[in-house]
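Got a structure for you, written out below as structure tokens; questions coming shortly.
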Amino acid sequence: MRGIHWFRNDLRLADNTALAELSARVDEWIPLFIIDPRLEGESGAAGPRARFLFDCLDRLGQDLLRRGVALQVREGFPEEVLPKFCDQIGIDVLSFNLDTSPFALGRDARVGRALERIGVRVLAPSDRVVFRSSEIRSLKGDAYSVYSPYRKSWWRRWEDEPRLPLARYRLPGPVDGFSAGALPDRGTPHAGQFSVELPTGGAAAGRRRLDKFLQGAVGRYHEDRDRPGVDGTSRLSPYLRFGAISVRQCFSRALEARADNPSLGEGIEKWLDELIWRDFYAAILEEHPRVLRENYRREYDALVWNDDPDAFAAWCEGQTGFPIVDAGMRQLKSRGWMHNRVRMIVASFLTKDLLIDWRQGERFFFQHLVDGDPASNNGGWQWAASTGTDAQPYFRIFNPTAQGHRWDPEGHYIRRWVPELREVAPEHIHTPYDGAPPVGYPKPMVDHRKRRALALERFRSARAGVEDES
Ligand SMILES: Cc1cc2nc3c(=O)[nH]c(=O)nc-3n(C[C@H](O)[C@H](O)[C@H](O)COP(=O)(O)OP(=O)(O)OC[C@H]3O[C@@H](n4cnc5c(N)ncnc54)[C@H](O)[C@@H]3O)c2cc1C
């Protein structure tokens, strides 16, 4: 029997569910990656996420060559490439790991139908999350819409059925006649993307990062995770995004670290909580694919957003005059990554201070983030905009200056990313115009107190409209 494993967001050999299932069924195989032009999106083939992906792919190709098999890379629509390729080579089985984003589900259904017509069997197990939405249900059998009860139910399920990494499996032999080619040239980054400094891709780098985190920062994660000036989080999000490491590997390694050293317990518990948020947002998207276009909470559909391209441009460029916001936006453009606390602050600023539609911010993040993921990005944006699953009502409005004082008290993070403020005295770092005016740094573009009042008014009237109608 001959098989193909179609690599997508699972760029690793260990603990790969579909690859393990294929390996148990076929004698020889071909590893395949397909560059789908639809997925390169607006940031293009040279955007930060695509560059990280190609680095991971290159390293996966080297791992495969060490095992005597050559990764094949093709370009085109998978629903056209796969049936032709499978037919030419006489493939019996195609495996891939399930992706529950709406685009992937549609594409995979078309692939499945085309392969069925030529008699190729498809294996598509779940692998990307620990538990799928259908596995975490309330007693009534409903999907959850709020995180805390979801989390409780998630842990109950884990206690019944922990999802540990798979045992080692033997890969089948290669199909003869396929040699490794160079990856297609992806062009050079656009102007402005040259400076994006990316982490090293691949499974080995992901494992090293996990080890380093579990040997160090995780012990203080519960305290440091909100402090952007401290290197206190794992930075594993790009690796999880492309499956260079599996979420099961993260879970089991963290639980082992806790068993070895119980004093790490609090940090580890908090970290696992974040990985459960990842499952939660994947479940929300699977249950409600419409959230990619619409508010999760329909009562805010009547919200009036500002159409203000100049304000949006100032936010994108990190020129708002609010130091913590500007530091975050500049970190994003320079590293393709932003600290989670600051993601929440800049998202709140865009939606509640500038009153700009969360969809504009979500799209900008997606263009720039190396870890850009439809489910987590949408979940994070709708949470911050109060149109999503946040259990708190709309009056959670971050004060960007107070957030700066609280989470970056000495301004280390701000000084790192906003050079115009490097010389500002510590007592003025969050309100630089209270001291000697900094050179080349803008004044705050809005009055937070007034904008807060306006945001409350808009949210209230959007809801009142719905209540009146009902
Ligand atoms: C507006 C906004 C947009 C976001 N967009 C994305 C995105 O596109 N892709 C993405 O992976 N994360 C996104 N997040 C979640 C979070 O900011 C990042 O996962 C985190 O900053 C990654 O850094 P880390 O790997 O050091 O995280 P750690 O703190 O080490 O957490 C470990 C892992 O848990 C997961 N995780 C952590 N926090 C969250 C969360 N709030 N929601 C879902 N998963 C989480 C990530 O996979 C992360 O790598 C967003 C958050 C907000 C507020």
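Nothing in this text is a laboratory measurement; each read-out follows from the coordinates by a stated rule. Note that the structure is a prediction, hence the values are computed from the model and not measured. Cβ placement follows ideal geometry from the backbone for every residue including glycine, while neighbour counts extend to all protein chains displayed.
As I understand it, the value is the acute angle between the Cα axis of helix 203-215 and the longest principal axis of the Cα atoms of the chain; what does it come to in degrees, rounded to 10?
Long axis of 203-215 versus the principal axis of the chain: about 50 degrees.
Using the alpha-carbon atoms, what tilt in degrees (0 to 90, nearest 10) does helix 265-287 show relative to the longest principal axis of the chain?
It works out to around 80 degrees.
Once the Cβ-Cβ distance between Arg110 and Glu269 is put in as r, and R0 is 45 Å, what FRET efficiency do you end up with, to the nearest 0.05?
0.60
A follow-up question, please. Could you give the length gained on full extension between Glu223 and Lys152, defined as 0.36 nm per residue of separation minus the Cα-Cα distance, in nm?
Taking Glu223 through Lys152 to full extension adds about 23.3 nm, to one decimal.
Give the calculated FRET efficiency between Asp160 and Glu423 to the nearest 0.05, with a Förster radius of 56 Å applied to their Cβ-Cβ distance. Don't jump to the answer; show the numbers that get you there.
Working: r = 58 Å, r/R0 = 1.03.
So, using R0 = 56 Å, E works out to roughly 0.45.
From the phi angles alone, apply the Karplus equation (6.51, -1.76, 1.60; θ = phi - 60°) to region 423-433 and give each ³J(HN,Hα) in whole Hz, x where the residue is Gly or Pro.
These are the phi-based 3J(HN,Hα) values: 8, 5, 4, x, 6, 10, 4, 8, 9, x, 7 Hz.
With a cut-off of at most 16 other beta carbons within 10 Å, and DSSP calling the residue loop, which GluC sites (Glu not before Pro) in region 395-470 qualify? Please list them.
Glu410, Glu423
OK, next. Using a simple spin-label model with points 7 Å from Cα along the Cα→Cβ vector, what separation in nm is obtained for Val304 and Arg67?
Result: 5.9 nm between the two label points.
Okay, next question. Pop out the ³J(HN,Hα) list for region 164-176 in order, Karplus 6.51 cos²θ - 1.76 cosθ + 1.60 with θ = phi - 60°, rounded to Hz; leave Gly and Pro as x.
8, x, 5, 5, 4, 10, 8, 6, x, x, x, 6, 5
Follow-up. Where the eigenvalues come from the Cα gyration tensor of region 188-268, what are the semi-axes √(5λ) of the equivalent ellipsoid, largest first, in whole Å?
On the way: eigenvalues 145, 53, 14 Å².
Equivalent-ellipsoid dimensions as semi-axes: 27, 16, 9 Å.
Please give the residues of region 260-294, grouped as numeric ranges, whose backbone N is less than 18 Å from a label point set 7 Å along the Cα-to-Cβ vector of Leu39.
282, 286
Now for a different question. If you line up the long axis of helix 78-89 against the longest principal axis of the chain, both from Cα atoms, how many degrees apart are they, to the nearest 10?
It is inclined by approximately 20 degrees.
List the lysines whose Cα sits under 27 Å from the Cα of Lys450, skipping any in the same chain fewer than 8 residues away.
Correct list for Lys450: Lys352.
Follow-up. Over all distinct Cα pairs, what is the inverse of the mean 1/r for the chain, reported as the Kirkwood hydrodynamic radius in Å?
With all distinct Cα pairs of the chain included, I get 23.9 Å.
If you don't mind, another one. Let's test the formula: R0 of 35 Å, r as the Cβ-Cβ distance of Arg208 and Glu457. What FRET efficiency results, to the nearest 0.05?
Working: r = 50 Å, r/R0 = 1.44.
Plugging the Cβ-Cβ distance into 1/(1 + (r/R0)^6) gives 0.10.
Another question, if that's okay. Out of all Cα-Cα pairs in region 405-470, roughly what percent, to the nearest whole number, are more than 16 Å apart? Don't skip to the end; give the middle numbers.
On the way: 1297 of 2145 pairs.
It works out to 60 percent of all Cα pairs.
So for the pair Lys443, Lys140, with labels modelled 7 Å out along Cα→Cβ, what separation do we get in nm?
Roughly 5.4 nm, to one decimal.
Using all C-alpha to C-alpha distances in region 217-327, build P(r) with 10 Å bins and read off the rounded percent in each one.
Answer for region 217-327: a P(r) of 12, 26, 29, 25, 7, 1 percent.
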